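J.: I have a structure I would like to understand better, so I am pasting it below and will then ask my questions one at a time.
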Amino acid sequence: MLPTTLVWFRDDLRIADNPALHHASQQGQVIGVYLMSENQWEAHHVGSRRRSFVRESLRALGERLAALNIPLLSIPTPIFDDAPATLLRVAGPLGARRLAFNEQLPLNERRRDAAVRQALEPNGIAVEVHQAGTLAPVGQILTNDGNPYSVYSAFKRRWLDRAHSAWWTPLPLPDTQAVVKLPQSLRSNVVHEPGAGICGEARAQRLLDDFVKRRAAQYDTQRDMPSADGTSRLSEHLSCGTLSARQCLAAVLQNDDKAVRLMDGRRPGADSWVGELVWRDFYRHIVALIPRIIRGCAFRQDTDSLAWRNNEAELAAWQAGRTGYPLVDAGMRQLERTGWMHNRLRMVTAMFLTKHLLMDWRLGEQHFMSQLVDGDFAANNGGWQWSASTGTDAAPYFRIFNPITQATRFDPQATFIKRFVPELEGLSAKQIHANPSRYAHDYPAPMVDHRMARQRALDAFKRLRG
Ligand SMILES: Cc1cc2nc3c(=O)[nH]c(=O)nc-3n(C[C@H](O)[C@H](O)[C@H](O)COP(=O)(O)OP(=O)(O)OC[C@H]3O[C@@H](n4cnc5c(N)ncnc54)[C@H](O)[C@@H]3O)c2cc1C
């Protein structure tokens, strides 16, 4: 009889280009397992929309695996500490001699995985770890001194030097296997409800194909305009792994007949999009290599003593999209209504909270995590620390976006603002970009004066420097 491998799915809810699944399926029989850690989600501030997206994606994965005769078990495992005992309990009756999974980079996940290895190996179950979360494996993009890069442009240069075909060659699908007879005790754990179709890798692949075919070429000119459908909208899929970054890179290069050299300037749209995948790698490498980031510390340690103002009423107004700055409010309402926010607006709203209101970036980071379907620790933390000028390669503290100038540049006709702030629907763009509360009486006046707030933030940062 062929040996059985338990493949533990985590943030890689796909059968295509899945290293752990691919290698396990070549070695014998495979059974999939997912540990449903609701309490851990709670502790990590994962919101209800993301939880539903993951559950739906899991159902879609169950369907795809079932078509290959690979059962997928979903086992309630409230917290990470329960993972070793749960996996031992599942592996036993299945006679599994191997556990395979793709690595996760944040510290808590790595600690959990180390505990799993410690528990399983003495029981005769080998543990096999694969790299899948980044294009460039962690540890391959280091400075000449062997340190992690703290500046994106230097990271990207080294990344491009090191890039090779394995980064854009997805692994093939696993073969169909013989039907597995599960022990009675595990049958009720099989994921068998069909997925809703809006999640899962088939949907992700369609979105990717559509983006590459229709929009990638204009990405560099459209990506900053919130009213345009200019970005890929793949973040939800990339964050829970219904799509891999390697599939993205493969798709965008294939469209160039594979002849393209990465970032050679011939295709500015595609190059610019690949640059975003490099940002994704950059923040993930930081999280893996600088563990204090996971403990809530700023990358720039001196900024941990900044005198943040933490005012609950102002935080609530920002969260509700009632700041009196239309672009900020439109962004916050987009987040609240859809669970996604355009990147330009993530920067504008994050900078507004941390600079105009001078509030701790961790409050914003947590709020975003609770709302975003694509909530991803590395990208969210990186984005917040960039905006707050506390992080790697962050915006310099004196570069404070003026929310009105941002609106006139990136939403000149106020098309996007009107979509999400209905109180301003009847106003002209000129009125919206001036002081809209004068014309729309149900819209608040600006909660803070830009000049005063800017100076207050500059003073707070200057005090840090002594
Ligand atoms: C304050 C703040 C918080 C953020 N929080 C998250 C988050 O929780 N999850 C998340 O996936 N992204 C986050 N981002 C990054 C970025 O805003 C989103 O990835 C992007 O808006 C998703 O839309 P898209 O898929 O259409 O992106 P595209 O523009 O099509 O980019 C393609 C992919 O590249 C990656 N990417 C793009 N920009 C970045 C970036 N700046 N950093 C890291 N990866 C990037 C994403 O995986 C994205 O899906 C945050 C940015 C900021 C400023």
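The values are calculated or read from the model by the stated rules, or taken from the named source; none is laboratory data. Since the structure is predicted, the reported quantities are computational estimates derived from the model, not experimental observations. For neighbour counting, all protein chains shown are included, and Cβ atoms are generated from backbone atoms with ideal geometry for every residue, glycine included.
J.: Can you name the residue in the stretch 42-72 that is of a type in the set (Gly, Ala, Ser) and assigned to a loop (DSSP other than H, G, I, E, B) and is also nearest to Arg187 (Cα to Cα) among such residues? Break it down stepwise before answering.
T.: Applying the first criterion (of a type in the set (Gly, Ala, Ser)) to the stretch 42-72 yields 43, 47-48, 52, 57, 60, 62, 66-67.
If we keep only those that are assigned to a loop (DSSP other than H, G, I, E, B) too, we end up with 47, 67.
Numbers: Gly47: 29, Ala67: 17 Å.
Here the residue is Ala67.
J.: Here are Pro122, Pro93, Pro84: which of them is in a helix (DSSP H, G or I), in contact with a Pro (Cβ under 7 Å, 6 or more places away or on another chain) and over 30 Å from Ala204 (Cβ atoms)?
T.: Working: Pro122 fails: in contact with a Pro (Cβ under 7 Å, 6 or more places away or on another chain); Pro84 fails: in contact with a Pro (Cβ under 7 Å, 6 or more places away or on another chain).
Answer to the selection: Pro93.
J.: Do the conditions hold for Glu128, that is, is it surrounded by fewer than 19 Cβ atoms within 10 Å (Cβ to Cβ), assigned to a loop (DSSP other than H, G, I, E, B), in contact with a helix residue (DSSP H, G or I) (Cβ under 9 Å, 6 or more places away or on another chain) and in contact (Cβ under 8 Å) with a residue 12 or more places away in the chain? Lay out the reasoning, then the answer.
T.: On the way: surrounded by fewer than 19 Cβ atoms within 10 Å (Cβ to Cβ): yes; assigned to a loop (DSSP other than H, G, I, E, B): no; in contact with a helix residue (DSSP H, G or I) (Cβ under 9 Å, 6 or more places away or on another chain): yes; in contact (Cβ under 8 Å) with a residue 12 or more places away in the chain: yes.
No.
Condition check ((1) surrounded by 14 or more Cβ atoms within 10 Å (Cβ to Cβ); (2) outside the structural domain of Leu249 (by TED's automatic domain parsing)) across all residues:
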{"site": "Val138", "(1), (2)": "yes, no"}
{"site": "Asp145", "(1), (2)": "no, no"}
{"site": "Tyr149", "(1), (2)": "yes, no"}
{"site": "Asp161", "(1), (2)": "no, no"}
{"site": "Thr176", "(1), (2)": "no, yes"}
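J.: I would also like to ask the following. For the stretch 26-41, which residues satisfy the criterion of being in a loop (DSSP other than H, G, I, E, B) and under 18 Å from Asp376 (Cα atoms)? Walk me through it before giving the result.
T.: In the first step, residues of the stretch 26-41 are kept if they are in a loop (DSSP other than H, G, I, E, B); the result is 28, 37.
Matches in the stretch 26-41: Ser37 only.
J.: Please give the number of the condition Gln406 fails out of (1) more than 11 Å from the ligand (Cβ to nearest atom); (2) without any contact (Cβ under 8 Å) to a residue 24 or more places away in the chain; (3) in a helix (DSSP H, G or I).
T.: Going through the list (1) more than 11 Å from the ligand (Cβ to nearest atom); (2) without any contact (Cβ under 8 Å) to a residue 24 or more places away in the chain; (3) in a helix (DSSP H, G or I), Gln406 breaks only (2).
J.: Quick one: which of Phe352, Phe299 is within 16 Å of the ligand (Cβ to nearest atom) and not in a helix (DSSP H, G or I)?
T.: Details: Phe352 fails: not in a helix (DSSP H, G or I).
That would be Phe299, the only listed residue that is within 16 Å of the ligand (Cβ to nearest atom) and not in a helix (DSSP H, G or I).
J.: Tell me, which helices (runs of 4 or more DSSP H) wholly within the stretch 139-227 include 1 or more residues that are within 16 Å of the ligand (Cβ to nearest atom)? Explain how you work it out, then say what you get.
T.: Details: elements: 152-162, 184-187, 200-210, 219-222.
Per the criteria, 152-162, 200-210, 219-222.
J.: So, of the residues in the stretch 235-258 that are over 30 Å from Arg59 (Cβ atoms) and in contact with a helix residue (DSSP H, G or I) (Cβ under 9 Å, 6 or more places away or on another chain), which turns out to be modelled with the highest pLDDT? Give the derivation first.
T.: Quick first cut of the stretch 235-258, residues over 30 Å from Arg59 (Cβ atoms) only: 253, 255-258.
Remaining after also requiring in contact with a helix residue (DSSP H, G or I) (Cβ under 9 Å, 6 or more places away or on another chain): 253, 255-256, 258.
On the way: Leu253: 87, Asn255: 53, Asp256: 56, Lys258: 53.
The residue in question is Leu253.
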